[in-house]
Amino acid sequence: MTNTKIKDMIETIEQFAQSQPDFPVYNILGEVHTYGDLKADSDSLAAMIDSLDIPEKSPVVVYGGQEYEMLATFVALTKSGHAYIPIDSHSALERVTAIVEVAEPSLIIAINDFPLEEVQAPILTLDQVTTAFESKTSYEVTHPVKGDDTYYIIFTSGTTGKPKGVQISHNNLLSFTNWMITDKEFATPKRPQMLAQPPYSFDLSVMYWAPTLALGGTLYALPSAITQD
């Protein structure tokens, strides 16, 4: 029996938060976070992002590795109507500089310590993100990323010059995700258990997180330090 297509990524995640709140969505070396946690944390952070009064639909850099806070931040930004730009914390300094120059983000959310000092955009630190999570603020999703809005921006390697940002819309993401979850070749099961190893700044990562969230499964995150051991 094939899976049914999803119509909206955030609505799908919200439905799982209602139907299976205690089911693990993220397991990082035994530290487990549930769909209920993901909803509560992303709601609280989305409320905080709205309160910052940054321009509508403006892109936001998210800097870090495979931490759970990365995923919760991505979901929060989608809820609050912002495209996110993942930058892996193992990126070369020149790459981070080039991406920030090209993207001109309205905000930087630094799950790991951000390496640049001279930046125009305000920076939210991990402590501030954690404080937002702890606030348990309820949130009504009224202006999320929808349709042709940009869902995320992934930068190319920059081997032929400066890194270029590739904008992926919500519709693009749905098209890709629905292909993965309904294609007989992939045979993606319900509640898939996927290894979350490629960094979020690498487009291959979409092949694990998107179908897993679309089908209510669990991501098993493998931090870079362990991958490289």
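If you go through segment 158-171 and keep only what is open to solvent by 80 Å² or more (accessible area, probe 1.4 Å) and among the polar types (S, T, N, Q), you end up with T159, T160, Q167. For segment 8-25, which residues satisfy the criterion of being touching a helix residue (DSSP H, G or I) at 6+ places or on another chain (Cβ under 7 Å) and closer than 20 Å to E140 by Cβ? M9, I10, T12, I13, E14, F16, A17, P21 - these are the residues of segment 8-25 that are touching a helix residue (DSSP H, G or I) at 6+ places or on another chain (Cβ under 7 Å) and closer than 20 Å to E140 by Cβ.
Within segment 187-214, take every residue that is free of Cβ contacts under 8 Å to residues at least 12 places away in the same chain and not in a helix (DSSP H, G or I) and give me the one that is surrounded by the fewest Cβ atoms within 10 Å (Cβ to Cβ). It comes out as A187. Restricting S91, S19, S51, S58 to those that are open to solvent by 10 Å² or more (accessible area, probe 1.4 Å), of a type in the set (G, A, S) and touching a strand residue (DSSP E or B) at 6+ places or on another chain (Cβ under 8 Å) reduces the list to S58. With the requirement that a residue be out of contact with any helix residue (DSSP H, G or I) (no Cβ under 8 Å at 6 or more places or on another chain) and either in contact (Cβ under 8 Å) with a residue 60 or more places away in the chain or not polar (S, T, N, Q) (or both), what does segment 151-165 give you? Within segment 151-165, G161 is the sole residue that qualifies.
Filter segment 1-52 for residues that are closer than 25 Å to P198 by Cα and of a type in the set (A, V, I, L, M, F, W, C) and give the result. Correct list: I6, M9, I10, I13, F16, F23, V25, I28, L29, V32, L38, L45.
The values are calculated or read from the model by the stated rules, or taken from the named source; none is laboratory data. Model, not experiment: these values are computed from the prediction. Using ideal geometry, Cβ is built from the backbone for each residue, glycine included, and neighbour counts are taken over all protein chains shown. For the accessible areas, the whole protein counts, side chains as well, though only heavy atoms, and no ligand, DNA or RNA atoms are used. Shrake-Rupley method; radii C 1.70, N 1.55, O 1.52, S 1.80 Å.
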